[in-house]
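The numbers here are math on the coordinates, done by the rules we state, and not lab data. Given the structure is predicted, the values throughout are model-derived calculations rather than measurements. All Cβ positions, glycine included, derive from the backbone under ideal geometry; neighbour counts span all protein chains shown.
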Amino acid sequence: MSKWLATLIKEWRLLSRDRTGLLLLFAMPAVLVVAMTLVQDNVLRRSGGLQVTGAVVDQDGGIVAQELVKALEDADVVSFTARVDGRAATEKDAAAWIEGGRFQFFVVLPKGLTTAVEEGVRQRVDRWMTHHADTVSGSSLPGPEVALRFDPTLRHVYRTAVEGVVERALAGVQTGVTLRYLGDALDRKVQQRIAEMTGGYAPQAGQRLIPELEDDALFHPVAGVVANGVGTSGKERLPTAVQQNVPAWALFGMFFIVVPLSGALIRERREGIWARLMVMPVSKTVLILGKLSAYVGVCLVQFGCIVLVGRWLLPLLGTDPFVLGDRTGAILLVALCSALAANGFGLMLGVVARTNEQAAIVGPVCVVIAAALGGIMVPVFAMPGIMQRISRGSPLGWAHDTFMNLLVRDSGFLEIWAQLALLLLFFAVTLAVSIVVLRRIHR
Amino acid sequence: MADGEGQCPSPVLRVLALSKRYRGAPLNALTDLDLTVAAGEIFGFLGPNGAGKTTAISVMSTLLRPTAGHVEICGIDAFRHTARVRRLIGVVPQDLALFDTLTAEENLNYFGRLYGLKGARLEDAVRWALDVTGLADRRRDAVGTFSGGMKRRINLAAGILHRPKLLFLDEPTVGIDAQSRNKIMENLLWLKDQGITMIYTTHYMEEVQRLCTRLAIIDHGVIVVQEQTARLMRQHPDCRDLGELFLKLTGRQLRD
């Protein structure tokens, strides 16, 4: 115990005096998590529920166009604005605003839209009333079309969202017009039939036999859709930039422990310190455990620091705060398993590499590749199929996926134990390799 | 039998038919080495570069396992009871095997704890080792700020901290000035008076003549001669000093 503790304290002393190592371990992931979160925050907000903004250019001014503008302005997912700086937007203004970055798209409601829609609906309803409904489906109604103009840099996912909102609004307005015409036509038809059957009955002026049909069929549907993520308790959180980046870059920083750890081991071997230790009455296991405990402790402190950055610093810079949720114990367990895996790799590298230069190149390159494959930089689902299969071999991927399960998908232990087992297996294998190689060095 | 505190029966070191061949090497690094060192002796272990001195010290100090042969320290089999033997020996390696960013005191505290020292015993041991090597007033300074001579002295302090029965010194004065070498020589003679037995390797023949009561010269992994220093010189009256005798026995051709 005393020898293990002495080794642990010695390692902490050495690390605390290694300014470059401290910068690498603490400043680098902190800067990365702040920078990457702020860069991605806007993107994820937009794709995760916040609004893409566009202008509505109303060249028609008729009732249909006014209803359409109102429907668009009421939309949740995408933000539409018909009056900008106190005046109606023109097509020229809107194009300039897109170029200036103020809006990402604009919608043009062309002149004659109201007339075209009303005429088209009237013809359709008249056909229904005269038993020619079967001819309507194949016919196309001529007339002006609503146009959408996008910022060329706007990603496809946002264009699809905007198109969906505009199409839904247009369908809703047309349904409303159709219902009004249908109600009027039915009323006329019923009154006409009653007059024919009763020999001249006529209702009082203004009296309707068929009430006016409400136009809320599309905007207030009877049956709706409820969308929720898959989770054990249903307490799903949006995958915000903060929830994604804090664990991701904390892991990245933790795995960079391989640089100081392998460097320390190589230095001890090359400077004869390891040989001196090997002729002292202390076992290799105690020395390795002392060293590992110190560096695993550093990794956990690193993780805590990045969590604090996510919880306190990032909100000051305008992002959401990092939310640990009610699974703090499980999250600490994942952090511990990740730290063990990172340190196992660092230990193996320190034993296998012959020079500091080898370790200083191989270590970070392996970590960056494992991070890229593991979804730290780009989500795994966005990778090509073959890369997704390769990514299953990344310890950073196992750890990151486990964090996402806990932090975003709100999973329980049953959903994460397999990845924890993989991390521990990785640690066991790297530790075993290190011990075997160390034994061979002094034979 | 002996432990770290008790008496060590003589001979302190007994080496029988010791051979070592590194994995994959075509030849032995050591072949049939026989050696006996009595308590209180400073035994000189000489040889040209690559002769096998460091390998011999590494095997005798339990760092390397021998291919064949037997090493006994204070009557204890070094490879059956390695942990017990390691409490009895100290090693001053050729490399300055110290943590540069730790202070002299922190280095010694760490090594002392690995020898099982703690509390007042550890404090006393560290103070004693620093006093012996003349570094007490620099105990709070990082080793990295020390001169070459001071680093050699703190290297010695780390080897004697636990007052070993047998001290292995592998070229402990290499690369330092005459004053520091002289200080280390004085330290070693004082330690000899304290009862510490030493195995000493060096390329400085005047050090051997000053310190060593007996010596062995090794070449190509084989002991060429093993004798009392004074008697060996008498056996070769044609050699003016140990340096000439060394060249006579090992040849003048370069080894590396």
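If you average 1/r over every pair of different alpha-carbon atoms in region A:51-198 and take one over that average, what Kirkwood value in Å do you get? Display every interim value, and only then the final one.
Values: mean 1/r = 0.0589 Å⁻¹.
Computed over Cα pairs of region A:51-198, the Kirkwood hydrodynamic radius comes out at 17.0 Å.
Using every alpha carbon pair in the protein assembly as shown, what percent of pairs falls into each 20 Å bin from 0 up to the bin containing the largest distance?
14, 30, 22, 14, 10, 7, 2, 0
Please report the net charge: other residues with Cβ closer than 11 Å to the Cβ of B:M185, K and R +1, D and E -1. Mind showing how you got there, number by number?
Details: positive: B:R181, B:K183, B:K192, B:R210; negative: B:E186, B:E206, B:E207.
That works out to +1.
Residue farthest toward the positive end of the dipole of chain B, with Cβ of Lys/Arg at +1 and Asp/Glu at -1: which of B:T213, B:P164, B:G69?
With unit charges placed on the Cβ atoms, the residue in question is B:G69.
Can you list the residues, at least 5 places off or on another chain, whose amide H is less than 5 Å from the amide H of B:E41, using H built in the peptide plane?
The answer is B:M198.
Give me a comma-separated list of calculated 3J(HN,Hα) values for region B:216-230, in order, Karplus coefficients 6.51, -1.76, 1.60 applied at θ = phi - 60°, integers in Hz, x for any Gly or Pro.
Running phi through 6.51 cos²θ - 1.76 cosθ + 1.60 with θ = phi - 60° gives 10, 10, 10, 8, 6, x, 10, 6, 7, 8, 9, 6, 5, 4, 5 Hz.
If you build a Gaussian network model of chain A, linking Cα atoms that sit under 10 Å apart, which residue out of A:G54, A:G350, A:G86 swings the most?
Among A:G54, A:G350, A:G86, the largest GNM mean-square fluctuation belongs to A:G86.
Within the protein assembly as shown, what percent of beta bridges assigned by DSSP are antiparallel, to the nearest 5?
On the way: 25 of 51 bridges.
Percent antiparallel among DSSP bridges in the protein assembly as shown is about 50.
Which of the cysteines found in chain B have nothing to pair with, since no other Cys Cβ lies under 4.7 Å from theirs?
B:C212, B:C239
Find the centroid of the Cα atoms in region B:126-142 and in region A:68-129, then give the distance between the two in whole Å.
Taking the Cα centre of region A:68-129 as reference, the centre of region B:126-142 is 86 Å away.
Which shape class, rounded, prolate or oblate, goes with region B:37-119 when its Cα gyration tensor gives a ≥ b ≥ c as root eigenvalues, a/c under 1.5 marks rounded, and past that a/b bigger than b/c marks prolate?
Details: a/c = 2.00, a/b = 1.36, b/c = 1.47.
In terms of gyration-tensor shape, oblate.
Per-residue HN-Hα couplings for region A:293-302, Karplus 6.51 cos²θ - 1.76 cosθ + 1.60 at θ = phi - 60°, whole Hz, x for Gly and Pro?
4, 4, 6, 5, x, 4, 4, 5, 5, 4
Tell me the trypsin sites (Lys or Arg not before Pro) within region B:44-128 that lie in a loop according to DSSP and have at most 11 other beta-carbon atoms within 10 Å.
On the way: sites: B:K53, B:R80, B:R84, B:R86, B:R87, B:R113, B:K118, B:R121, B:R127; in loops: B:R80, B:K118.
Listed in order of number, the matching sites are B:R80.
For region B:69-76, take each phi angle, set θ = phi - 60°, evaluate the Karplus expression 6.51 cos²θ - 1.76 cosθ + 1.60, and give the result in whole Hz per residue in order, putting x for glycine and proline.
Listing the rounded values in order: x, 9, 10, 10, 10, 6, x, 10 Hz.
Strictly over 19 Å apart at the Cα level, which of A:K3/A:K284; B:K20/B:K53; A:K284/B:K20; B:K183/B:K248; A:K3/B:K192; A:K284/B:K151 would you flag in this model?
Values: A:K3/A:K284 11 Å; B:K20/B:K53 12 Å; A:K284/B:K20 23 Å; B:K183/B:K248 30 Å; A:K3/B:K192 29 Å; A:K284/B:K151 26 Å.
Correct reply: A:K284/B:K20; B:K183/B:K248; A:K3/B:K192; A:K284/B:K151.
Where is the GNM fluctuation largest for chain A (alpha-carbon springs, 10 angstrom cutoff): A:S394, A:S338, A:S283?
Sorting by GNM fluctuation, first place goes to A:S283.
Determine the relative contact order of region B:1-102: mean sequence separation of Cα pairs under 8 Å and six or more apart, normalised by residue count, in whole percent. Please report the intermediate quantities before stating the final value.
Working: 151 pairs, mean separation 32.8, N = 102.
Relative contact order comes out at 32 percent.
Would you mind checking the radius of gyration and Dmax of chain B based on alpha-carbon positions, in Å?
Cα only, chain B: 18.1, 57 Å (Rg, Dmax).
Let me spell out the model: positive unit charges on the Cβ of Lys and Arg, negative unit charges on the Cβ of Asp and Glu, origin at the Cα centre of the protein assembly as shown. What dipole size does that give, in debye rounded to 20? Walk me through the intermediate numbers first.
Working: 75 positive and 66 negative charges, 679 e Å.
The dipole magnitude comes to about 3260 debye.
Of the candidates A:A248, A:A360, A:A399, which one comes out as most mobile in a Gaussian network treatment of chain A with C-alpha springs shorter than 10 Å?
In the Gaussian network model the winner is A:A360.
For region A:51-198, give the share of DSSP beta bridges that are antiparallel, in percent and rounded to the nearest 5; count only bridges with both residues there. Show your work: numbers first, answer last.
Values: 6 of 15 bridges.
Beta bridges within region A:51-198, antiparallel portion: roughly 40 percent.
Name the residue farthest towards the positive end of the dipole of the protein assembly as shown from the options B:A51, B:A39, A:V298, assuming +1 on Cβ of Lys and Arg, -1 on Cβ of Asp and Glu, about the Cα centre.
The one lying farthest along the dipole's positive direction is B:A39.
Hand me the trypsin sites (Lys or Arg not before Pro) from region B:198-256 located in a DSSP loop with no more than 16 other Cβ atoms within 10 Å, in residue order please. Write out the running numbers ahead of the final one.
Values: sites: B:R210, B:R214, B:R231, B:R234, B:R240, B:K248, B:R252, B:R255; in loops: B:R240, B:R252, B:R255.
Here the sparse-neighbourhood loop sites are B:R240, B:R252, B:R255.
Express the relative contact order of region A:51-198 as a whole percentage, based on alpha carbon pairs under 8 Å and six or more residues apart in sequence. Each step should come with its number before you reach the end.
Values: 181 pairs, mean separation 42.4, N = 148.
It rounds to 29 percent for region A:51-198.
Average projected area of the Cα convex hull of region A:319-409, in nm²? Please report the intermediate quantities before stating the final value.
Numbers: hull surface 29.5 nm².
Dividing the Cα hull surface by four gives the mean projection, 7.4 nm².
Treat every Asp and Glu Cβ in region B:13-250 as -1 and every Lys and Arg Cβ as +1, leave all other atoms uncharged, and give the resulting dipole magnitude about the Cα centre to the nearest 20 debye. Show your work: numbers first, answer last.
On the way: 31 positive and 26 negative charges, 138 e Å.
Using Cβ point charges on Lys, Arg, Asp and Glu, region B:13-250 gives about 660 debye.
Work out the length of the dipole vector of region A:51-198 about its Cα centre, built from +1 on the beta-carbon of each Lys and Arg and -1 on the beta-carbon of each Asp and Glu, and round it to the nearest 20 debye.
Details: 17 positive and 21 negative charges, 22 e Å.
The calculation lands at about 100 debye.
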